[in-house]
Amino acid sequence: MKPTAPALLLAALLAGSALAGPAEEALAQNVELRRALAAQEERIARLEAQLQNQGLLNLLNQVEALKAEVARLRGGQEEQSFKLDSADKRVKDLFADLDGRLKELASRPVAPPPDAMRLQVAQTLVPPAPPAVAVDSEAEARAYEAAHAQVKGARYKDAVAAFQTFLKQYPSGPLAANALYWTGFSHVGLGDFKSAAAAYQKLLKDFPNSPKVPDALLSLARTQAQMEETEAAKATLDVLIAKHPQSKAADNGRKLLATLK
């Protein structure tokens, strides 16, 4: 018995429905996969953007840190430059003050001894001749200034030679103690601490009442410390502090002594 037309149509519809179910399911799964893939790609894009932003942030932080360090170093450099300029100005002011005092000292008239004063009174009708010592004082001051200019120019070898010549010409003049002090100072500049110590010791021996004695004691102690003569340096500083306790040199001597103990 052959199937009728309605039966065939019904069978075809049933077969089409059966085939449509798996296709729709596959299509739905494909859509879900695409959605999941798109979501993953979006997430990956967000992560990459975050990583990129984080990397830029780290670079910016490093750049800011470097800028802060450069600013700190620049500030330190400016501070050191200011300190050096201030120290240089103080040294120049000290030299100018010292030169002024020395010129004033050299220009002072030398008082004649009592016998000369009595002779001058007895010979009031005879005009006195200009004292030769005044001319010598002017020559001494000029020679001293020429030698001292070598010290200010840091030409220590020339300064030593100039002061040695000066001391041969004026071994007991009013500037001899200062000449010995700057001779020692120049030897220190040349690194010759033994000769520097000898100059300071000669000043202390030959001119014990000179105003340069406190500075000479301090400088002598420093040269002794440089030569690793620690006990001698301590003894020199003890003399400085005991005999000249109110001097600026004594203040510096106390600080130096604290480092030697």
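Here is how the numbers come out for the structure above:
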{"read-out": "Estimated inter-spin distance, ARG101 and ARG35, nm [label 7 Å along Cα→Cβ]", "value": "9.9"}
{"read-out": "Sites GLU64 and LYS152 - FRET efficiency at Förster radius 45 Å, r taken between beta-carbons, to 0.05", "value": "0.40"}
{"read-out": "Gain upon complete extension [ARG46, GLU145; 0.36 nm per residue less C-alpha separation]", "value": "27.4 nm"}
{"read-out": "Full-extension gain in nm, ASN209 to GLU229, via 0.36 nm per residue minus C-alpha separation", "value": "4.6 nm"}
{"read-out": "Simple label model, 7 Å out from Cα along Cβ direction - GLN246 to ALA258, nm", "value": "2.3"}
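Computed from the coordinates by the stated procedures, all read-outs in this text should not be read as laboratory data. Computed from a prediction, not measured in an experiment: that's the story for all the values here. Please note: Cβ atoms are built from the backbone with ideal geometry, for glycine as well, and neighbour counts cover all protein chains shown.
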